[in-house]
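Quick notes on the structure that follows.
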Amino acid sequence: MRALIPTGNPETLTALGEVDLPSPRSGEALVQVTDIALNRADFLYLSDPSSTFRPGIDAAGVVAKAAADGSGPAEGTRVVLHLPSGGAGAEYVAASADRLATIPGDVDSATAAALPLGGLVAQRLLALAGPLRGRSLLATGVGGGVGQVLIQLAVAEGAEITAVAAQGQPTAHMEALGAKVALDIDAVESGAFDVVLESVGGELGSKTAHKLRPGGQFLWFGQASGDPITLDFFRQLQDGSALTLRHFVYSDGDGSRDAADMAALLDLASQGRLQVEIGHRGDWAGAGPLLKRMSAGRLRGKAVLSIG
């Protein structure tokens, strides 16, 4: 069967090649893939010339053969799947029932494919933050797939969220989803936020800690700039601004919650309470150039490719 495979070349990243048809184990279904959504993680893995990573963490398709042990969706069911180790960029993939969720009839496959990684991160990050109603959130690095879901979920739960963005970065979509936008972290009021959601790092990420109210919560979930955050604990002491610092990891390891959590996201999409912006639709043969375009920040929203 055809699949996206790594080329080891930083210019092309990936190409279509031939691989063996997967043989599902007892608790796995064989899924015929129709759509894959690309993520930044695909680019990061493929950037290593020695990587054996096959792209495709999020995808949608149809169950071609149900799991032999009777678990999971029946044959012919449209499903969305989430494979943290990749490999969904193929004509067929074997996936555990824990990694599959049934797509409601009124949700198209491309939208479903665009939801898992960004949706799971946003959903679980906000759950870690605790009850949101009436609370104020400051978030960095939320202009993409995670951010569009995070903003919507936070606003729906009654929180007020301020998104920190860089000068020249598109922000209209964040405002349309209900976020306030701050283009200058130094102009943001200090001590005004209950929770900071930080994913950029460097100078920007470091400054956000001083925007917390005393006893606030600092959730670190990324380092997109490549530079670490630094916390001046002497300043924190002088300001009297004690904080709780937590590192967030979205995966629970075995994926046992994935199906239920994805089903909840799909239900919100079905009700019209969760919108997913797809900035690019195309054929999977163009995955390599598209990943490079995504890495340069030249694509707003998600990229979904059809398996044709």
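Once Lys and Arg get +1 and Asp and Glu get -1 on their Cβ, which of 192, 44, 158 lies farthest toward the positive end of the dipole of the chain?
In the chain, that residue is 192.
If I build a Gaussian network model for the chain, linking alpha-carbon pairs within less than 10 angstrom, which residue out of 197, 274, 44 has the largest mean-square fluctuation?
44
Taking amide H positions as placed 1.01 Å from N in the peptide plane, with prolines and chain starts having none, which residues 5 or more places from residue 7, or on another chain, fall under 5 Å of its amide H?
Under 5 Å from the amide H of residue 7: 13, 14, 15.
Give the relative contact order (percent, whole number) for segment 143-279; include only Cα pairs under 8 Å separated by 6+ residues.
On the way: 182 pairs, mean separation 25.4, N = 137.
About 19 percent, as a whole number.
If you take every DSSP beta bridge whose two residues both sit in the chain, what share of them, in percent to the nearest 5, is antiparallel?
Working: 30 of 56 bridges.
Percentage antiparallel, nearest 5: 55.
Which of 296, 212, 107 sits farthest toward the positive end of the charge dipole of the chain, with +1 on the Cβ of Lys and Arg and -1 on the Cβ of Asp and Glu?
With unit charges placed on the Cβ atoms, the residue in question is 212.
Before anything else, pin down the relative contact order of segment 126-183: Cα pairs under 8 Å, at least 6 apart, normalised by residue count, whole percent.
35 percent.
Using the Karplus equation 6.51 cos²θ - 1.76 cosθ + 1.60 (θ = phi - 60°), what ³J(HN,Hα) coupling, rounded to whole Hz, does each residue of segment 161-167 give in order, writing x for Gly and Pro?
10, 10, 9, 8, 10, 8, 4
If the only charges are +1 at each Lys and Arg Cβ and -1 at each Asp and Glu Cβ, what is the size of the charge dipole of the chain around the Cα centre, to the nearest 20 debye?
Charge dipole, the chain, about its Cα centre: 300 debye, nearest 20.
Roughly what would the spin-label model give for residue 225 and residue 275, points 7 Å off Cα along C-beta, in nm?
3.0 nm
Give the share of C-alpha pairs in each 20 angstrom bin for the chain, from 0 to the last occupied bin, in whole percents, shortest bins first.
33, 55, 12, 0
Using mean Cβ contacts within 10 Å as the protection proxy, how do 121-132, 105-116 order, highest first? Don't jump to the answer; show the numbers that get you there.
On the way: 121-132: 18.6, 105-116: 22.3.
Ranked by mean Cβ neighbours within 10 Å, highest first: 105-116, 121-132.
For segment 1-106, what Kirkwood radius comes out of the mean inverse Cα-Cα distance, in Å? Please report the intermediate quantities before stating the final value.
On the way: mean 1/r = 0.0716 Å⁻¹.
Radius from the Kirkwood sum: 14.0 Å.
If I take every Cα pair under 8 Å that is 6 or more residues apart in the chain, average their sequence separation and divide by the length, what percent do I get for the relative contact order?
18 percent
Since every read-out is calculated from the coordinates, none of them should be taken as a lab result. On a predicted model such as this, the values are computed, not experimentally measured, just so you know. Note that we place each Cβ from the backbone using ideal geometry, even for glycine, and neighbour counts take in every protein chain shown.
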